[in-house]
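The structure appears below as structure tokens.
The values are calculated or read from the model by the stated rules, or taken from the named source; none is laboratory data. The structure displayed is predicted, hence computed values, not measured ones. Every residue, glycine as well, gets a Cβ built from its backbone with ideal geometry; the counts of neighbours run over all protein chains shown.
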Amino acid sequence: MTVGSQVKTCFSSIKSVEASLQMLAEKTYEQNSYQAFKDAEAIITEVKNDLQKQVIMLSKEEPQYN
Amino acid sequence: MPDWVIVIGKSLLLITILFFLTKWLGKKQLSQLNIFEYISGIVLGGIVAIHTIEPDSNILNGLVAMAVWFLVPYAVEYISLKSKSFRNFTEGKSTVFIQDGKIMEDNLKKEGYSTDDLLEKLRDNNVFLASDVEFAVLEPSGTLSVLPKKENQPLTAKDLGLKLAPQKEPQAVIMDGKVLLEPLANLSLNTNWLETELDKMSVSIENVFLAQADNDGQLTVDLYDDKIAVAEPTEKPLLLATMKKCQADLELFSLATKNEEAKKMYEKNSKKLQAAIDLVQFHLK
């Protein structure tokens, strides 16, 4: 696997984590858990945005692997 | 009128009255009754017994006696609810048997407890060594309450300084193969969600004997068909594992890359992810 595809894999895992957290936050009826899930989701979203930029950059650097 | 008809009539009448009297006297367990309440209960029963099998007895006398034996304990109970000093008088005070780890021999003697009795009561509380006890008190009801020394108390999450996710009571959402709509609504979930979750486990709703959902909407089921193994809910452990994996990946990227800017970005995000893991970790266990 190239670095580009590794980062892409990680990026999609992060997206899945974000979605799972969102789902758990909606399902729980315990206020503390809800807040924790929401906070974590916000952090993960920031990470996701950074990684997305990185994915785009890497695909520009290594267009032959796309 | 033959005697047996009178007996039947009286029995039915007295049973009804006794039923209501005992109901009004309260819901205390037999073991929680003090001696006075205990005896008045027995006397009430005794009065009923005498008057049911004695056809010649005057039922009116019986009813009056019952009324007295009901009203006095009732009044005593009512007043002792209102007044602490009256309560001390009627229900008695508790007696300290062990204080600061030392047995109070005088108090033992006063209550008529031998050393063997004390040891037996301690063993009832799973204490086999009297020196393990910090404080023990004999309640007015006759039970011994024991506070073990701190080092002999069971370890709690608080002692360890552990943070635990709060837990609400789980709700039964399926019983005997039938969906219970009210608990589902309490969890703000609907039947569609339930069907999806059951589909995920590939079980049909008719086969479910009992299904419970916890406060995070995780479903656990028990099936009629015990030969089928049901998967444990994996959503939360899986999520935690994925988060940990991503965090490790980011760390790896930051070590592998030679681009300074990218390295910083990976490091920063790996730290962020670690913070997120710390945040939800104990909610996902």
Checklist outcome for this item: By residue number, the members of the stretch A:34-47 that are facing chain B (nearest Cβ under 8 Å) and not charged (D, E, K, R) are A:36, A:37, A:40, A:43, A:44, A:47
Checklist outcome for this item: Given (1) modelled with pLDDT under 90; (2) more than 28 Å from the chain's Cα centre (by Cα); (3) over 28 Å from residue B:234 (Cα atoms), residue B:113 misses just (1)
Checklist entry - Only one residue in B:134, B:195 is charged (D, E, K, R) and without any contact (Cβ under 8 Å) to a residue 12 or more places away in the chain. Which one? => result B:195
Checklist entry - Taking into account only those residues within the stretch A:28-64 that are within 25 Å of residue B:235 (Cβ to Cβ) and of a type in the set (Ser, Thr, Tyr), which is modelled with the lowest pLDDT? => result A:29
Next on the checklist: For the stretch B:230-241, give me each residue that is facing chain A (nearest Cβ under 9 Å) and in contact (Cβ under 8 Å) with a residue 12 or more places away in the chain.
Outcome noted: B:235, B:236, B:239
Next on the checklist: Name the single residue that is farthest from the other protein chains (Cβ to nearest Cβ) among those in the stretch B:135-156 being out of contact with any Asp or Glu (no Cβ under 9 Å at 6 or more places or on another chain) and surrounded by 10 or more Cβ atoms within 10 Å (Cβ to Cβ).
Outcome noted: B:142
Next on the checklist: Being away from every other protein chain (no Cβ under 14 Å) and surrounded by 15 or more Cβ atoms within 10 Å (Cβ to Cβ) is the filter here; which residues of the stretch B:183-206 pass it?
Outcome noted: B:198, B:201, B:203, B:205
Checklist entry - If you go through the stretch B:242-261, how many residues are within 10 Å of another protein chain (Cβ to nearest Cβ), over 47 Å from the mean Cα position of the chain (by Cα), surrounded by fewer than 20 Cβ atoms within 10 Å (Cβ to Cβ) and in a helix (DSSP H, G or I)? => result 3
Next on the checklist: Going residue by residue through the stretch B:42-49, is there one that turns out to be in contact with a helix residue (DSSP H, G or I) (Cβ under 6 Å, 6 or more places away or on another chain) and more than 22 Å from residue B:141 (Cβ to Cβ)?
Outcome noted: yes
Checklist entry - Considering only residues of the stretch B:271-285 that are surrounded by fewer than 21 Cβ atoms within 10 Å (Cβ to Cβ) and of a type outside the set (A, V, I, L, M), which is nearest to the other protein chains (Cβ to nearest Cβ)? => result B:272
Item to check | Residue selected from the stretch A:20-33 under the condition more than 19 Å from the chain's Cα centre (by Cα) and part of a helix (DSSP H, G or I), by the criterion farthest from the other protein chains (Cβ to nearest Cβ) | outcome: A:31
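Are any residues in the stretch A:7-19 within 7 Å of chain B (Cβ to nearest Cβ) and free of Cβ contacts under 8 Å to residues at least 12 places away in the same chain, and if so, which ones?
Hits for the stretch A:7-19 are A:13, A:16.
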